[in-house]
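The values are calculated or read from the model by the stated rules, or taken from the named source; none is laboratory data. From a predicted model like this one, the values you see are computed outputs, not experimental measurements. Cβ placement follows ideal geometry from the backbone for every residue including glycine, while neighbour counts extend to all protein chains displayed.
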Amino acid sequence: MKKALVLFSGGIDSTTCLAMAIDKYGAKNVIALSVSYGQKHLKEIEASDKIAAFYGVEHLKLDLGEIFKNSNCSLLSSSPKSIPELSYAEQLKRTEGMPVSTYVPFRNGLFISAAASMAISQECEVIYYGAHSDDAARNAYPDCSEEFNLAMGEAIYIGSGRRLKLEAPFVRKTKTDVVKKGLELKAPYELTWSCYAGGDKPCGKCGTCIDRARAFALNGVEDPALK
């Protein structure tokens, strides 16, 4: 039986990937993998639990926080930096084209590599992850780019003995496209969490909150998580 593993944060992008994988393979043949890495917004792990339970999929968890303990990335609880309350476009003006302060060093590379090992052990044929073009734009998150995806995909395919593929269905699409697909699949967006600030409620001001609001607005619907 063919199986899929989904890198699953509990946010909009990964939840849409999970819905797509379930639509193709069936819930019994899909594994969700959530990773803790010292992030301030641990509420996303709580969201991932709720969504995995909603779908009835196997839910694995991995803690990679030790790897990032010396990073000064503002997304991490160990960092004294504040989460920027700006759109990514505004942040990039300040970084002069360098990755934004919430870029966790090579996070997707690490996550995908760990997921590949686990997927092979679980006899999966594909890994899904939710990289999209808005995050890759102008080098905000370089490990969300199409070039990165192609390189990692080739390495995983070769390194797995040509058994495992990497799938980023939105790598050429926008977050608006992600939400459109999720709405078609009736993804439980009311259970998702995106905000980076780590509070009890979405701040509405960080880059990911701004992107999320825009994606729902451009689809002409209210964000179900805010109802």
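Structural remarks
- Screening segment 23-44 for residues that are of a type in the set (D, E, K, R) and more than 16 Å from residue 130 (Cβ to Cβ) and picking the one that is modelled with the highest pLDDT gives 28.
- Members of segment 98-134 that are farther than 28 Å from residue 70 by Cα and either part of a loop (DSSP other than H, G, I, E, B) or at pLDDT below 95 (or both): 122, 123, 124, 125
- Looking only at segment 29-54, residues that are closer than 22 Å to residue 166 by Cβ, in contact with a Lys or Arg (Cβ under 9 Å, 6 or more places away or on another chain) and assigned to a helix (DSSP H, G or I) come to 2 in all.
- Candidates 128, 157 - the one that is among the hydroxyl-bearing types (Ser, Thr, Tyr), surrounded by 15 or more Cβ atoms within 10 Å (Cβ to Cβ), within 18 Å of the chain's Cα centre (by Cα) and farther than 23 Å from residue 218 by Cβ: 128
- The single condition among (1) in contact (Cβ under 8 Å) with a residue 60 or more places away in the chain; (2) of a type in the set (Val, Ile, Thr); (3) surrounded by fewer than 20 Cβ atoms within 10 Å (Cβ to Cβ) that residue 176 does not meet is (1).
- Qualifying position, being part of a loop (DSSP other than H, G, I, E, B) and within 30 Å of residue 79 (Cα to Cα), among 171, 221: 171
- Among residues of segment 48-69, those that are under 16 Å from the mean Cα position of the chain (by Cα) and over 15 Å from residue 10 (Cβ atoms), counted: 2
- Note on segment 207-223: residues that are more than 13 Å from residue 189 (Cβ to Cβ), within 20 Å of the chain's Cα centre (by Cα) and not β-branched (Val, Ile, Thr) total 4.
- Checking the stated criteria, residue 151 turns out to be surrounded by fewer than 17 Cβ atoms within 10 Å (Cβ to Cβ) and either out of contact with any Pro (no Cβ under 9 Å at 6 or more places or on another chain) or not in a loop (DSSP other than H, G, I, E, B) (or both).
- Filter result (more than 19 Å from residue 90 (Cβ to Cβ) and free of Cβ contacts under 8 Å to residues at least 24 places away in the same chain) within segment 201-227: 201, 220, 222
- All positions within segment 136-162 that are of a type in the set (D, E, K, R) and under 22 Å from residue 64 (Cα atoms): 143
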